[in-house]
1. Within the bounds of segment 293-301, is there any residue that is more than 22 Å from residue 120 (Cα to Cα) and either surrounded by fewer than 23 Cβ atoms within 10 Å (Cβ to Cβ) or in contact with a helix residue (DSSP H, G or I) (Cβ under 7 Å, 6 or more places away or on another chain) (or both)?
2. Taking only segment 26-59 into account, find how many residues are within 30 Å of residue 105 (Cβ to Cβ) and part of a loop (DSSP other than H, G, I, E, B).
3. Scan 223, 268 and give me the residue that is at positive phi and assigned to a loop (DSSP other than H, G, I, E, B).
4. Any residue at all in segment 327-337 that's part of a loop (DSSP other than H, G, I, E, B), modelled with pLDDT of 95 or more and over 15 Å from the mean Cα position of the chain (by Cα)?
5. Residue pairs, Cβ under 7 Å, 6 or more apart or interchain, first in segment 60-73 and more than 15 Å from residue 116 (Cβ to Cβ), second modelled with pLDDT under 95 and surrounded by fewer than 24 Cβ atoms within 10 Å (Cβ to Cβ). List them.
6. Give segment 180-213 a look and list any residue that's surrounded by fewer than 21 Cβ atoms within 10 Å (Cβ to Cβ) and within 13 Å of the chain's Cα centre (by Cα), or say none.
7. For segment 185-197, what are the residues that are more than 18 Å from residue 65 (Cα to Cα) and in contact (Cβ under 8 Å) with a residue 24 or more places away in the chain?
8. Please tell me if residue 285 is surrounded by fewer than 24 Cβ atoms within 10 Å (Cβ to Cβ) and out of contact with any strand residue (DSSP E or B) (no Cβ under 8 Å at 6 or more places or on another chain).
């Protein structure tokens with residue numbers, strides 16, 4: 001998926017009161033157990049870029065896969081060389097996908113501007129699809145709903161905006177990932193500060209529309225100098241297993257190579273990395289320089305299916321020759337150490 005990059009110094013944080021709160025997530029099910037993980041990666045992409053002229057001709061990234069009525073729906077990001085859109089593909093097995101074209105595009109007449117309406121996360125809520133997506137400048141997060149995954153109704157204003165001056169997300173919010181736990185929605189998201197540091201935060205909502213950000217954000221910051229994630233974090237994917245919350249996330253290094261990292265938490269707020277190294281990096285020509293955008297099917301495992309974006313060009317934004325791959329995430333007995 002595209003990791004946005006706010007350029008220059010002329011952007012101001014959105015004014016107004018930003019609601020904050022102190023909270024933790026409900027205790028995850030199960031007894032805490034030490035566990036390691038290994039990936040079994042499909043060697044080829046399962047969702048390729050489109051043909052010249054298609055909305056996803058340049059990049060197909062940022063899968064967000066949800067189950068509905070016995071089928072898998074993949075709301076992914078496509079780039080045509082000028083604009084990012086959200087597209088839809090469906091599958092019965094998660095390997096063979098049928099594309100249905102773009103379903104969300106930016107509206108230049110609104111707060112979204114004309115560049116991006118993508119990089120989103122989807123859930124099925126009361127039988128309808130909800131998609132939280134990134135748009136606008138500075139980047140904010142919007143919400144749209146659909147009965148069939150094809151025709152969408154957008155809310156007229158963003159549901160999550162950048163924070164006040166001096167906050168970790170002053171210059172933008174992006175990469176939403178939403179889960180439900182204990183009667184609340186929880187959104188993990190990327191925030192960018194005035195120094196262009198990209199860290200991860202969390203917000204909570206009773207209805208998926210009105211959000212309160214965690215007062216102590218961020219919950220996970222870039223790694224130390226030389227680490228695979230020293231240049232920024234993004235694209236979180238959270239699930240529960242073995243008495244913990246787990247998070248796969250994208251880390252960027254100084255050369256703009258991207259790899260996946262892994263962290264765990266007992267309360268969804270205080271996170272620890274399980275290792276200082278990446279847990280998944282490109283091993284094939286098509287994803288040699290970029291592995292990003294994890295989307296995990298929490299109901300499928302263990303082992304869990306994880307769809308991810310891959311590319312062979314190291315850039316912070318687009319033109320990665322992006323395609324979507326699939327891996328199985330297997331739990332094991334070996335403990336990962338920091």
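The values are calculated or read from the model by the stated rules, or taken from the named source; none is laboratory data. Values in this document were obtained by computation on a predicted structure and should not be read as measured data. No Cβ is skipped: glycine too gets one built from the backbone with ideal geometry, and neighbour counts run over all protein chains shown.
1. yes
2. The number of residues fulfilling the criteria is 15.
3. One residue alone meets the criteria, 268.
4. As a first pass, look at segment 327-337 and keep what is part of a loop (DSSP other than H, G, I, E, B): 333-337.
Those left that are additionally modelled with pLDDT of 95 or more: none.
Checked against the condition, which is being part of a loop (DSSP other than H, G, I, E, B), modelled with pLDDT of 95 or more and over 15 Å from the mean Cα position of the chain (by Cα), segment 327-337 yields no hits at all.
5. 67/299
6. 199 - this is the single residue of segment 180-213 that is surrounded by fewer than 21 Cβ atoms within 10 Å (Cβ to Cβ) and within 13 Å of the chain's Cα centre (by Cα).
7. If the condition is that a residue be more than 18 Å from residue 65 (Cα to Cα) and in contact (Cβ under 8 Å) with a residue 24 or more places away in the chain, then 190, 191, 192, 193, 194, 196, 197 are the ones that fit.
8. Considered against the rule, which asks whether it is surrounded by fewer than 24 Cβ atoms within 10 Å (Cβ to Cβ) and out of contact with any strand residue (DSSP E or B) (no Cβ under 8 Å at 6 or more places or on another chain), residue 285 comes out as yes.
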